[in-house]
Amino acid sequence: MRITLEIQNKIKASTLPQKRFFVLGADRALTLLNPKSAVRRSRIELSVAFVSPREIRRLNKQWRKKDAPTDVLSFPHFSPIRAASSATLGKIMPVRDQDGVIRLGEILIAPQIVKKEAAQFDHAAPEHLIFLFVHGLLHLLGYDHERSKSDDILMQKIQASVLKGINI
């Protein structure tokens with residue numbers, strides 16, 4: 001699997017983990033979810049943007065009807081199609097573009113909120129940021145901890161496993 005990750009630092013956050021940690025986190029999560037899938041040979045693209053608390057609050061209100069800042073939001077490039085076949089990626093049937101690339105979508109993260117949360121949970125901020133990136137990726141793959149207890153349990157397991165395999 002080849003993962004291309006575009007990073008947009010819209011607020012010029014200075015204490016972000018290196019790009020390789022995000023790519024490694026995505027690769028590990030996708031491998032754990034789909035160890036034998038035909039999708040493993042695919043080219044996958046996604047982006048992550050670091051935004052202000054004000055911007056993430058605006059988007060949270062617009063898209064989720066929640067007028068409060070949040071740590072992470074995910075915007076898939078396509079509507080998830082639930083499918084059970086070897087060609088699935090997480091809980092979705094991936095859609096390839098004309099170049100054969102699976103474009104998953106965009107993850108928005110508010111580093112200022114992440115820093116506060118990390119302190120509350122006694123985590124290092126870079127580790128918590130990668131945790132939330134993987135959390136956002138799982139949402140792009142069709143998992144929803146707010147609507148499904150089984151998704152919640154799986155998301156927690158994947159997130160914990162990914163962090164164990166990455167030394168930030």
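All of the numbers you see were taken from the coordinates with simple rules; none came from a lab. Predicted model only: the values in this text are computed from it and were never measured. So basically every Cβ, Gly included, is an ideal-geometry build from the backbone, and we count neighbours across all protein chains shown.
My understanding is that a pair violates if its Cα-Cα distance is over 28 Å; which of LYS10/LYS61; LYS66/LYS116; LYS12/LYS91 do that in this structure? From LYS10/LYS61; LYS66/LYS116; LYS12/LYS91, over 28 Å: LYS12/LYS91.
Note down the relative contact order for the chain as a percent, whole number, built from C-alpha pairs under 8 angstrom at least six residues apart.
Working: 287 pairs, mean separation 44.0, N = 168.
Computed over the chain, the figure is 26 percent.
The spread of Cα positions in region 100-149, taken along each principal axis and listed from longest to shortest, comes to 40, 28, 14 Å. Here the label points at VAL23 and SER148, each 7 Å from Cα along the C-beta direction, are separated by 3.0 nm in the simple model. With R₀ set to 22 Å, the beta-carbon distance separating LEU32 from HIS123 gives a calculated FRET efficiency near 0.60. When shorter helices are ignored and each DSSP H run of at least 4 residues is given -39500 (n - 2.57), the per-residue value for the chain at 222 nm works out to -13500 deg cm²/dmol.
Can you tally the net charge around GLN120? Count Lys and Arg as +1, Asp and Glu as -1, for every other residue whose Cβ sits under 14 Å from the Cβ of GLN120. Let's see the in-between values first.
Details: positive: LYS115, LYS116; negative: ASP71, GLU117, ASP122, GLU127.
With Lys, Arg at +1 and Asp, Glu at -1, the neighbours total -2.
Considering only GLN112, ILE102, SER161, the residue lying farthest towards the positive end of the dipole of the chain is ILE102, judged by Cα position with unit charges set on Cβ. The charge dipole of region 2-164, taken about its Cα centre with unit charges on the Cβ of Lys, Arg, Asp and Glu (plus for the first two, minus for the last two), comes to roughly 140 debye. In summary, the aspartates and glutamates within cross-link reach of LYS19, defined as a Cα separation below 12 angstrom excluding same-chain residues under 8 places away, comprise GLU6.
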